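A short write-up of the structure that comes next.
The values are calculated or read from the model by the stated rules, or taken from the named source; none is laboratory data. Everything numeric here is computed off the predicted structure, so don't read it as measured data. All Cβ positions, even for glycine, are placed from backbone atoms using ideal geometry, and neighbour counts span all protein chains on display.
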Amino acid sequence: MVNSAGERLADVVAAAVEVAAEAGEAGTYNAEVARAIAAVVNKVGARVVIDAEVRGFTSGWREAMDLVAGDDGEPARILRLPDPADDPGPADGRGDSPRPGAAPYPGPGRRP
């Protein structure tokens, strides 16, 4: 059984390509067949996307409610991004400063 939404959609597209190839070999592939196959892929694709969004929302909602209820037993982790003003610049000490308006680094052994 297929697990992810992407795998489900890939299976449908592969089946549609097989049907189109068989219709081409039989000489019955025309614009109507192409439209019908495209409509099937479009319908299944829309359902897969909606299912994935609903599943993602419900699992995220459950996670949020667990955190609010405190059932997890583990406190929520807070991650903070570093302040750009504290950034020392490139790690190797070469090149221009990433901060606008700052003087470029003159290089090792040179004074500005």
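For the stretch 6-52, a tally of residues being of a type in the set (S, T, N, Q) and assigned to a helix (DSSP H, G or I) returns 1. The number of residues in the stretch 53-84 that are surrounded by fewer than 10 Cβ atoms within 10 Å (Cβ to Cβ) and modelled with pLDDT under 70 comes to 5.
Among the residues of the stretch 4-36, those identified as of a type in the set (S, T, N, Q) and either over 28 Å from Ala52 (Cβ atoms) or surrounded by 12 or more Cβ atoms within 10 Å (Cβ to Cβ) (or both) are Thr28, Asn30.
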